[in-house]
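Notes follow once the structure below has been shown.
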Amino acid sequence: MNLFIKNQITYNYKYNHSNNILRKGSYGLKSTSFGRLTKSQLVFLKNTIIKNSRKIMSSKKPIKIWTQIVLNFNLTKLSSEARMGKGKGSIYTQASFIKPGDLIFELESCSHQQAKFLFRKVSKCCNLKLMLIKR
């Protein structure tokens, strides 16, 4: 962890990386709108990429996929019959709030046409506006 000293007070940085630069792959899917992604939506988008990448694989090298989203919010829900003042409720899923410019997926070992095809398939399934970026 990096330490930042300001007026003799130390602060710890939890996340010392930005989430808008391609780090591992050559192509990326970047958000251009605000939104929320739950755990099930993220798994569905990743499965969509995996399923459609099998259709377009021309070489024997599989397409590598990295998820760049950290699910850092727990969403809770009470039952519909509970009265006021009965506590917070149980956790029903995890989520992450997405800002414009956040990188969602990174892709490696695919051509530009294959990345465009996967981008079109994922953008139809996603409730966010996405943009394809290249290194």
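Some values worked out for this structure:
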item	result
Residue satisfying condition, being under 20 Å from ASN127 (Cα atoms) and in a loop (DSSP other than H, G, I, E, B), within set ILE69, ILE104	ILE69
Qualifying residue in the range 102-117 (condition: touching a residue at least 12 places away in the same chain (Cβ under 8 Å), out of contact with any Leu (no Cβ under 7 Å at 6 or more places or on another chain) and of a type in the set (Lys, Arg))	no
Hits in the range 81-108 - residues which are under 26 Å from ILE63 (Cβ atoms) and exposed (fewer than 14 other Cβ atoms within 10 Å of the Cβ)	GLY101
Filter result for the condition that a residue is at pLDDT 90 or above, basic (Lys, Arg), open to solvent by 50 Å² or more (accessible area, probe 1.4 Å) and within 30 Å of HIS112 (Cβ to Cβ), over LYS30, LYS46, LYS24	LYS46
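The values are calculated or read from the model by the stated rules, or taken from the named source; none is laboratory data. Keep in mind the model is a prediction, meaning the values are calculated, not measured. All Cβ positions, even for glycine, are placed from backbone atoms using ideal geometry, and neighbour counts span all protein chains on display. Accessible surface is based on the protein model in full, side chains and every heavy atom, while ligands, DNA and RNA are left aside. Shrake-Rupley method; radii C 1.70, N 1.55, O 1.52, S 1.80 Å.
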